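Note sheet for the following structure.
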Amino acid sequence: MADNVNNWLNDHGDYLYRFAFARLRDTHLAEDAVQETMLAAIKSNGFKGDSSARTWLTGILKHKMIDLQRKQFREQPISDLIDLDASDTSMDDLFNQSGRWLDKPQTFNMPDNALEQKQFLSVLDGCLNKLPKKLRVIFLLRDVHESDNENICKELDISATNAWVMLYRARMGLRKCLELNWTGA
Amino acid sequence: MLTCKQISQLVSQSLDRPLSWSERVQLKLHVLMCNACRHFKHQLNQLDIAIQQLKNETMLDQTIQLPIDAKTKILQAIELDKKSI
Ligand SMILES: [Zn+2]
């Protein structure tokens, strides 16, 4: 059994870790997710060989990442997060009383070569790290849920409206941060 | 008429849920007339693409590896788990 885990870790450990890190952007959370995946994999005996071990393990990892996210949401009720954010007026700073943009969005100068692309992604990474953790994770994990919103809400036990508000705030934060920090080359 | 603030919320939600017919029409008309919201919509599309690129880049980055001590910790956790059964 431990042999199995050893093999899995040798063959797929780095891949699973990168998959988790790409979405959690936190080394400890990513390690936890891989550990939970191995514990679940060894118990399930579910590997039938009709898919590759990597595909099978990645499927388990996705569930474990959602579990981790759900736990985070339980520890701090979502209402706290929303209230907390509502009291900070950063969103109101973007629009005037009649709902018009105060600071009109500009088009991004998207990178047009490999070097710029690298710089751009590193700016984006920095912007992601500035977001509150929960907003970052709900935004980055969108692609591991069965993609539609109903599922995200069911899996996280939050209302659709709350999910939309959080995703909106994540996007507003990121685009503002990119506008400020990415001027193009 | 929806304000830019409301439109910006719709633009964001259009990436998370199917909009209703009337929402789609209002969004389309507004964006035709309003540069700021058109840029905003473009920004969110670019953001989605960039996020996907960042994930792809992470997946290809061979220097990102499961740390050795994490691996040891996992194997220990499995041993412990086995004993507890
Ligand atoms: Zn507008």
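Observations
- Evaluation of residue B:16 against the conditions (1) within 16 Å of the ligand (Cβ to nearest atom); (2) within 16 Å of the chain's Cα centre (by Cα) shows that the sole unmet condition is (1).
- The number of residues in region B:38-74 being within 16 Å of the ligand (Cβ to nearest atom) and either outside any helix (DSSP H, G or I) or facing chain A (nearest Cβ under 8 Å) (or both) comes to 5.
- Candidate set from region A:11-54 (those that are farther than 30 Å from residue A:128 by Cα and in a helix (DSSP H, G or I)); member that is modelled with the lowest pLDDT: A:44
- Residues (within 16 Å of the ligand (Cβ to nearest atom), surrounded by fewer than 15 Cβ atoms within 10 Å (Cβ to Cβ) and of a type outside the set (Val, Ile, Thr)) located in region A:101-141: A:102, A:103, A:104, A:106
- Cross-chain or 6+ apart pairs with Cβ under 6 Å, region B:30-42 first and free of Cβ contacts under 8 Å to residues at least 60 places away in the same chain and open to solvent by 20 Å² or more (accessible area, probe 1.4 Å), then more than 8 Å from the ligand (Cβ to nearest atom) and among the hydrophobic types (A, V, I, L, M, F, W, C): B:41/B:11
- Taken over region B:3-29, residues that are at the interface with chain A (Cβ under 8 Å from one of its Cβ atoms), hydrophobic (A, V, I, L, M, F, W, C) and either in a loop (DSSP other than H, G, I, E, B) or open to solvent by 20 Å² or more (accessible area, probe 1.4 Å) (or both) amount to 1.
- Every condition in (1) more than 29 Å from residue A:44 (Cβ to Cβ); (2) surrounded by fewer than 18 Cβ atoms within 10 Å (Cβ to Cβ) is met by residue B:77 except one, and the failing one is (1).
- Boolean, residue B:83 is farther than 30 Å from residue A:96 by Cβ, surrounded by fewer than 16 Cβ atoms within 10 Å (Cβ to Cβ) and facing another protein chain (nearest Cβ under 8 Å): no
The values are calculated or read from the model by the stated rules, or taken from the named source; none is laboratory data. Every value quoted in this text rests on a predicted model; they were computed, and no experiment measured them. Quick reminder, even Gly has a Cβ in these numbers, built from the backbone with ideal geometry, and neighbours come from all protein chains shown. What goes into the accessible areas is simple: the full protein's heavy atoms, side chains included, and nothing from ligands, DNA or RNA. Shrake-Rupley method; radii C 1.70, N 1.55, O 1.52, S 1.80 Å.
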